[in-house]
Structures are given as structure tokens and as C-alpha cells.
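Worksheet for the structure shown next.
Bear in mind these aren't lab numbers, they're just calculated from the coordinates by the rules spelled out. Since the model is a prediction, treat every value here as computed from it, not as a measurement. Ideal geometry is used to build each Cβ from the backbone, glycine not excepted, and the neighbour counts take in all protein chains shown.
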Amino acid sequence: MLSRKQKLFLLKFFSLFSVVRGYNILIIVIAQYLTSIYILAPDLPVRQVLFDVNLLMLVLASSSAIAGGYIINSFYDSEKDLINRPHKTMLDKLVSQRTKLSAYFVLNFLSVVFASYVSFKAVLFFSFYIFFLWFYSHKLKKYPFIGNITAAILAVVPFFAIFVHYGNFDVVIFVHATFLFLLISMRELVKDLENITGDLTHGYNTIPVVYGERMAKRMLSLLSVLTLVPIILLVTKFKDEIGYMHFYFYGSIIGLAFFLAVLWYSRTKTHYIILHNILKFAIVLGVFSIVLIHVELLTSRIF
């Protein structure tokens, strides 16, 4: 049996894990490594990529900065989240604001330390990234369009770091990035619909608050159609480069049609949570589908 002190420690650990969205960071780390192996450095042996110390430092710098970004976002949104996510917020509040801020500064410091192992340019890159994560949480997220676009860009930036590291400038990579950017933009807009009550109460001028739910749905429909552009390019012009991952993209077309059907039926927060989960599932499935690009070459590239 655990003592009361041990139980409290575990609760605080899970609280901090919830604040930094540890599960999201794990997916990002997996995505960075799979992207490096299958998309950015497809000609290198898997072992060489996995044991690339510079890549590891970039991944650790990204993870630390993102974790810090989640903490500062939670800090600024604490009152709003009491309305939008009461159960999660109560868990998050088991860790004091002072402790969260201390963790925030430690994580940002670690991010810069990890980046310094790679180069001074990496230090500058992550310093700017940390600043914009703070600036987004403090100011930009309260404004329509700017907040959504900034959130989507900040989500893609960690992949840009490893993109520069490997110096692979193939067009197909930009098409992949565009697809991911559009999916994340859709997710951010759905989150605005999901959180409209808290946003309205605390003066967050999101798209649904300023222009209404119907306009937000029209924009989501437009983004869904735009997402078809990189999908069509990937399964036609770049079919050889994506290998068996074309199955994922064909499935994405069906998924987008289902998403639109649910979108225009949606009226309540529960409906928007379902839409949010559909997009999260599509993103996570996309991460693990990366292995389909060169699935037949995996064993031959291990050594």
C-alpha cells in the first residue's frame, strides 16, 4: 500500500505530466525520428540516424521548449480552462503556479543547453521559438486568424529544425509539411469551437466568438478542401516517394468527407470534441504511417 505522501507525489507527477501534455510530446518525438529516417534521410542507415547525437539534441531541445510552451499556455489559460476543461484543470492545479513557472524556466534553459551542443545557430533558433511560444500564449492566441495561424506554425517548427539539420530540400517534404499544417489549422479551429464558452467569458476573440459558429464551419470546410491539394499531389506526382503511405492518404480523403458530415451536424461541445478527436487520430495515424514509405527497406537499412 502506498503512503499518503507517496500518493500525493504520484498525483503531482501526473498533474505535471498533464500540464506539459507528455503524451503529445511523445508523439512529436516519434514523429521527428520517423520523419528523419523515412523522409529527410532515406539514404542513411537507420542505425546512423538513431545514433545521431545532433539529432538527439535537437529532439530534446524541441521537447523541452514544447513542454515549456504547454506550461506557459496553461498558466495564462488557467481561468478559461476552468470553464472549458474543469476536470483536467482540477488535476493540473495540484501543482502550484510557482512550481509550474519554475519548471517553465528550467525547461527553456535545458532547451537552449541541448541546442548549444549542435551550434550557435540552433541556440538562436530555439531562443526565438521559446519567445514566440510565450508571445502566442500571452497575446496572439486571443486574436482571430493570427492566433490560429501562429499555433499551426509553432506546431510545425520543430520539424523544420531537423529539416535544416539534414539539408533535404526535396519538394515532396514541403508538400508533406503543407498537409500537416492544414490538418493542425483545422484542429486549432475545432478547438476554438469546442472552447467557445470559456473564450467568450474571458475575452478571447477567436473566430467562432467574433464571426460565429457558422462562419467557423465554412472555414473548416474550405480548409478540408484545401487539404485535398497536397493529398492529390502526394498520391499522383509523388507516388513513388511516398510508397505504401498512399493508403493513408486515400483513407484521409474518406476521413475528410466523414469529418465534414459530422461538422455540419455538430451543435454541442460533445460534437466538437468528437471532431477534435477525429483530427488528432488522423495526425497520430499519419505519424505511424510514415513507416509505410519504405517498409520493404527497413530491415536492409538497419545496418
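Of the residues Pro86, Leu180, Leu260, the one whose Cα sits farthest toward the positive end of the charge dipole of the chain, with +1 on the Cβ of Lys and Arg and -1 on the Cβ of Asp and Glu, is Pro86.
If you bin all the Cα-Cα distances of the chain at 10 Å, starting from zero, the percentages per bin are 6, 25, 32, 26, 10, 1, 0. Projecting the Cα atoms of Ser102, Met57, Ala151 onto the charge dipole of the chain, computed from C-beta unit charges around the Cα centre, puts Ser102 farthest toward the positive end.
Over every Cα atom in the range 13-168, the radius of gyration and the widest Cα-Cα span, Dmax, amount to 16.3, 50 Å.
When you restrict to C-alpha pairs under 8 Å that are six or more residues apart and normalise by the size of the chain, the relative contact order lands at 22 percent. One quarter of the convex hull surface built on the alpha carbon atoms of the range 162-209 amounts to 4.5 nm², the projected area averaged over directions. Pairs from the list Lys100/Lys141; Lys100/Lys139; Lys191/Lys237; Lys237/Lys280; Lys141/Lys280 with a Cα-Cα gap above 30 Å: Lys191/Lys237.
Electrostatic bookkeeping for Val262 treats Lys and Arg as +1 and Asp and Glu as -1; over the other residues with beta carbon under 15 Å from its beta carbon, the sum is +3. Within straight cross-link reach of Lys217, meaning Cα distance under 19 Å, which aspartates and glutamates are found once same-chain residues fewer than 8 apart are removed? Result set, ordered by chain and number: Glu188, Asp192, Glu194, Asp199. Residues whose amide H falls under 5 Å from that of Phe145, counting only those 5 or more places apart or on a different chain, are Ile207, with hydrogens built in the peptide plane. Give me the net charge for the shell around Ile39: Cβ to Cβ below 12 angstrom, other residues only, Lys and Arg +1, Asp and Glu -1. Result for the neighbourhood of Ile39: -3. Shape annotation for the range 179-267: C-alpha extents along the principal axes are 50, 22, 16 Å, from largest to smallest. Given +1 at the Cβ of Lys and Arg, -1 at the Cβ of Asp and Glu and no other charges, the dipole of the chain around its Cα centre is 1060 debye to the nearest 20. Springs between Cα atoms under 10 Å define the GNM used for the chain, and in it the highest mean-square fluctuation of Ala177, Ala115, Ala61 occurs at Ala177.
Charge tally for Phe132 (other residues, Cβ to Cβ under 14 Å; Lys, Arg +1; Asp, Glu -1): +2.
Using +1 on the beta carbon of Lys and Arg, -1 on that of Asp and Glu, and nothing else charged, what's the dipole of the range 170-303 about the Cα centre, debye to 20? Write down the numbers at each step before the final one.
Working: 11 positive and 9 negative charges, 66 e Å.
With only Lys, Arg, Asp and Glu charged at Cβ, the dipole is about 320 debye.
Cross-link reach is defined here as a Cα-Cα straight distance under 19 Å, omitting same-chain residues fewer than 8 places apart; for Lys239 the aspartates and glutamates meeting it are Asp43, Asp170, Glu296. Once the C-beta distance of Ser96 and Arg4 is scaled by a Förster radius of 25 Å, the resulting FRET efficiency is 0.85 to the nearest 0.05.
Given the Cα-Cα distance of Trp264 and Leu11 and 0.36 nm per residue of separation, how much length would full extension add, in nm? Before the final figure, lay out each step's value.
On the way: separation 253, 0.36 × 253 = 91.08 nm, distance 3.94 nm.
Length gained, Trp264 through Leu11: 87.1 nm.
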